[in-house]
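These notes concern the structure reproduced below.
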Amino acid sequence: MKKIFLGLFFAVSQNVLAAPEATTEEEKMLEQKHKVVYIGGSDSCGGAGLQAFLKTFSALGLDESTEIKVVLTAVTAQNTTGVQGVYPMDWDSIKKQLNNIFFNASGPISIVTGFLGDKVLIENLGQYLKEKTLANLVVDPVLTSKTGYHFFGQGESDVVKAYREHLLPLASITTPNRFELEALMGTKSELSNEKPEHILDTLKCSAAVIKQLAEGQDRLVSWEEKDACFQEDLKSDFIKTENLHGTGCTFASALAAFLTTEQSNVAACKKAKDYLQGALKSASNVYCPAPHHGPVDHAWQSRDAIDDFIPKKVLYVGSFDSLENQKVQKFLSETTKQGCYGETVLTDLTGHNLELVFSWEEVKTQMESLFQDQLSVPQAIVFGCLKKVELIEQLAEYLENKNVPLVLDTQWMDINNLSSEILKAYKEDLLPITTLLIAKHSELESLQNVYSYTVNPDYTLTEFRGAKKCLIRNDTDNDNKSLAPRIASFLAKGDSIENAVRNRMNDSASDKE
C-alpha cells in the first residue's frame, strides 16, 4: 500500500497538458487559484449532489478563494420523500466536460466525486483520471439515498466491482457510510470489529472515513506507513432529526474543502464532521415528519441564532454551464445568505463544444418532484436561460396556476444571445405570468404604457404591459446577478414586490459598508 498524501491536490502533468503563459495579472492570479472539481449529479431539491457541494464551499468561504468547477454526471429529481427520477449523462458528454476543465489547466486541482451513473462511467472515469498525474482524490461512493433508494438496483454489484477495480485504487480517501461499506466489502459482518488493514486492502485505497458506524460515531482508517495502519474514532453527540438529506454529500464536500487548506486527514475529517454537526443541529429545529427527510442547514455558521433557519424554498429554472457554473453557484450562494434554501431544475447542459437540451419529461419530473411534495414546494422562482420555444411554452402552462412569485432577469436569461423566436416565447408565454421582470432601460424600448416611480437613484420600479412589475436597472449595470436571487428570497419570505426590492437595496447598501 502507498503512503497517503496529506492534502487533496493533484498536479496536471506538464507533458500531457501544457498551459500557456498568462498574459494578464488577472489570468496569473486565476492560474494560482486552487481548482476544486465536483464530479457528480444534480439534486432538484437542493440538499445533495452538486448543490450540496456548492452550498458547502460557499458557507465555508471558499467560493471566492478557489476556482470551483462541476462535471455533471446525472440529473436527479428528488424531494423529502425520496428519489423520483434519475437521468444519467452519457460518457461522451461527461468526457467533454472533463476535457474543458483539464485543457490548458495549471496549478493545484482538487477532486471530489459524487453520484456516478453506472459501471461504465466509473470505469471510464477511472481510466481518464489514471492518465493524469493524480496525487489525491476524494471518492464518495454513492450507492443509496437517505430514504433507502438504491440508485443501481440489480446492477449494484457491477457498480461496486467497478469502484473497487477502477476508482478506489486512485483515491487518497473515500467516504462510505456503513451500508455502502458493507456493499463494497461484500459482507454484513460487524464492521466495528473489522481490522483497518482488512478494510483498506479490500477497498484497495489508502484511507477511508466510515460514516454512521454507530450513532454519532465515524471512523477514520488509513495507511500511515507501508506496514502501519492508523485508526481513529470520530465521535460526536447524536442529533435526533429527520433533516438528514444530503449529509453524505455535504461531509465529502466539507472534507475536500478542508483538505484544500492542506489539513491532515485527521484534522480535515474532524473539521468536516464539526461542520456537518452544526448543520444538523441547526436543521433539527425545523419540523420534518417521518418518513420525510429535509435538508441540513449548510449556512448555519452565518446565523445569529441556531433557530434562525427557516428554509423558505427558492427555485432556479434554467441552463447549467459546466465550464462556468456561475449562475447556479451565484443563485445558491445568494439564497443561502438570505436564509432560504435553493432548489434547481436544470433544463440543459452547456459548455465548450457541448450543448445537451433535456426533454420536457426530464424537466417536468424535476418540477413535479418539488410541487408534489408539500415540504419541497418553492415559494419563489428565478428563471435562467431557456433555449427551446417548446420548453418555454410548456413551463408557462405548467406554472400558470401554481401561485408562486416568478422573477425574470434579462441578465439571467442572456437576452442578448437569444434568437427572435425564443425572445418572442419569453414575451408571449412567460411575461404574462411573471411577477417581476428585471431589465435595463435599453431592453424595454419596445414596451409601452410604462408608469414608473423611483425606488432609489440607481433603480426604478415600474408597471407595464406584461409582467406585474418591472425593476429597471441602470444601463451601466452589466454584471449584477445577485439582484434576482436576493429579491426572490424576500418574495419567498412573504414580502410584497415593493418591500422585496427595498430590502434588496438596503441589503446592497450594507454589503458596501
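Each reported figure results from applying straightforward, stated rules to the coordinates on display, with no laboratory input. Note that the coordinates shown come from a computational prediction; the quantities given were computed from them, not determined experimentally. Virtual Cβ from ideal backbone geometry, glycine too; neighbours counted across all protein chains shown.
Loop-located trypsin sites (Lys or Arg not before Pro) in segment 224-272 (DSSP state other than H, G, I, E, B) with a sparse environment of at most 12 neighbouring Cβ atoms within 10 Å: Lys226, Lys240. Placing a label point 7 Å from the Cα of Ala290 along the Cα-to-Cβ direction, the residues of segment 205-244 with a backbone N closer than 11 Å are 241-242. Remark: segment 231-248, residue by residue, has Karplus-estimated 3J(HN,Hα) of 9, 8, 7, 10, 10, 7, 5, 6, 9, 7, 7, 8, 8, 10, 5, x, 5, x Hz, where x stands for each Gly or Pro and the curve is 6.51 cos²θ - 1.76 cosθ + 1.60 at θ = phi - 60°.
Taking 7 Å steps out from each Cα toward its Cβ at Asn474 and Glu400 produces label points 4.0 nm apart. Distance between the 7 Å Cα→Cβ label points at Ser264 and Arg178: 2.8 nm. For segment 10-283, build the charge dipole from Cβ charges (+1 Lys, Arg; -1 Asp, Glu) around the Cα centre, then report which of Ala256, Pro176, Tyr38 sits farthest towards its positive end. The listed residue farthest towards the positive side: Pro176. For the listed residue pairs Lys402/Lys481; Lys240/Lys270; Lys119/Lys270; Lys270/Lys337; Lys55/Lys468; Lys119/Lys204, the alpha carbons are over 28 angstrom apart in Lys119/Lys270; Lys55/Lys468. At a Förster distance of 25 Å, what's the computed FRET efficiency of Glu156 paired with Gln127, Cβ-Cβ distance as r, to 0.05? So the FRET efficiency works out to roughly 0.70. A dipole drawn for segment 10-283 from +1 and -1 charges on Cβ atoms has a positive end, and of Ala283, Gln212, Tyr163 the residue lying farthest that way is Ala283. Neighbour counts of other Cβ atoms within 10 Å put Thr113, Thr241 in the fewest-to-most order Thr241, Thr113. Dipole magnitude for segment 10-283: computed about the Cα centre from +1 point charges on Lys and Arg Cβ and -1 point charges on Asp and Glu Cβ, it is near 320 debye.
Taking the Cα centre of segment 382-437 as reference, the dipole from Cβ charges on Lys and Arg (+1) and Asp and Glu (-1) amounts to some 100 debye.
As a calculated quantity, the FRET efficiency between Val357 and Glu224 at R0 = 45 Å, using C-beta atoms, amounts to about 0.35. Close amide H pairs (under 5 Å, H built 1.01 Å from N) link Phe152 with no residue at least 5 positions away or on another chain.
Annotation for segment 26-124: chymotrypsin sites (Phe, Trp or Tyr not before Pro) lying in DSSP loop with at most 14 further Cβ atoms inside 10 Å of their Cβ are Phe103.
Annotation: amide H-H contacts under 5 Å for Val296 (H modelled 1.01 Å from N, sequence separation of 5 or more, or interchain): His245. As a proxy for reagent exposure, His292, His245, His298 were ordered by neighbouring Cβ count within 10 angstrom, fewest first; the result is His292, His245, His298. Of Glu443, Glu197, Glu400, the sequence from fewest to most neighbouring Cβ atoms within 10 angstrom is Glu400, Glu197, Glu443.
Measuring between their Cα centroids, segment 29-100 and segment 213-263 lie 20 Å from each other. A dipole drawn for segment 326-418 from +1 and -1 charges on Cβ atoms has a positive end, and of Leu375, Leu391, Gln338 the residue lying farthest that way is Gln338. Only Cα pairs under 8 Å and 6+ residues apart enter the sum, and on that basis the relative contact order of segment 10-283 stands at 18 percent. The calculated FRET efficiency for Asn506 paired with Ser442, based on their beta-carbon distance and R0 = 25 Å, is about 0.40.
Taking amide H as placed 1.01 Å from N in the peptide plane, Thr347 has its amide H under 5 Å from the amide H of Gly318, Ser319, Phe320, each at least 5 places away in sequence or on another chain.
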